[in-house]
């Protein structure tokens, strides 16, 4: 570095020349790239193979006849005919299992009058399992068309002779899903089985005026279907006492006459 100096009054000044202040260019070396890691390529190759295998497996399950319907197992039938279930199911043999609309198939079978619940399941590699819960008659009523069977949900599901010892619904001109029928059947379903078997008739002019007639001639005034479990417990206790009419429409203040 060159510099000039000036001496004055006992002091010396040093000045850097502009020429010396210019920085020299610095050479920048390009970065050296590290060689590719073999492990990284192996991971990518493994992922690619997994994706290919998943695609092949998906195609095989969805399209291949290897996983198609070759057998249909139906369980839970007592009254409903297997042929009626198969017709309503409407699932042809040979269709791939994954292409079967199990919910739609179950809905179609549930439309059969005597069927309460249906579950359709894929059973790999080549079967469908259909589980049916049938409606069970809990009471009956009569019209000009004949004897109608009703289950505990209040569904009028069949017109045929009533089984022995089934209680009779005394309701004028009942309709499908009639609120009076539903209320009466809710009451019947709340009774313990030992007491339910003693019921011979059910009356309901309105949903809030349900009455029961027992085999020994005793009458039960129930009222609405509200608090039916509590009313059933109160009635069981009351029946141990003498009387002809047992009123549990207000279960906190029951009466015997």
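Name the residue, out of 230, 239, 212, that is over 33 Å from the mean Cα position of the chain (by Cα), over 22 Å from residue 140 (Cβ atoms) and at pLDDT 95 or above.
So the residue among 230, 239, 212 that is over 33 Å from the mean Cα position of the chain (by Cα), over 22 Å from residue 140 (Cβ atoms) and at pLDDT 95 or above is 239.
Inspect all residues belonging to the stretch 135-154 and state whether any of them is in contact (Cβ under 8 Å) with a residue 40 or more places away in the chain, under 28 Å from residue 107 (Cβ atoms), part of a loop (DSSP other than H, G, I, E, B) and touching a helix residue (DSSP H, G or I) at 6+ places or on another chain (Cβ under 8 Å).
Within the stretch 135-154 (the criterion being in contact (Cβ under 8 Å) with a residue 40 or more places away in the chain, under 28 Å from residue 107 (Cβ atoms), part of a loop (DSSP other than H, G, I, E, B) and touching a helix residue (DSSP H, G or I) at 6+ places or on another chain (Cβ under 8 Å)), the answer is yes, since at least one residue qualifies.
Just name the residue that is nearest to the chain's Cα centre (by Cα) out of those in the stretch 158-199 that are assigned to a strand (DSSP E or B) and surrounded by 15 or more Cβ atoms within 10 Å (Cβ to Cβ).
Once the filter is applied, the top-ranked residue is 158.
Just the residues that are surrounded by 13 or more Cβ atoms within 10 Å (Cβ to Cβ) and either closer than 16 Å to residue 198 by Cβ or more than 42 Å from the chain's Cα centre (by Cα) (or both), please, taken from the stretch 242-255.
Answer for the stretch 242-255, where residues must be surrounded by 13 or more Cβ atoms within 10 Å (Cβ to Cβ) and either closer than 16 Å to residue 198 by Cβ or more than 42 Å from the chain's Cα centre (by Cα) (or both): 243, 246, 248, 255.
If residue 121 satisfies every condition in (1) without any contact (Cβ under 8 Å) to a residue 24 or more places away in the chain; (2) in a loop (DSSP other than H, G, I, E, B); (3) on the phi < 0 side of the Ramachandran plot but one, which is the exception?
The failed condition is (2).
Yes or no: residue 225 part of a loop (DSSP other than H, G, I, E, B), at pLDDT 95 or above and under 30 Å from the mean Cα position of the chain (by Cα)?
Criteria met by residue 225.
The values are calculated or read from the model by the stated rules, or taken from the named source; none is laboratory data. Quick caveat: nothing in here was measured; it's all calculated off a predicted structure. With ideal geometry, Cβ positions are generated from the backbone for all residues, glycine too; neighbour counts draw on all protein chains shown.
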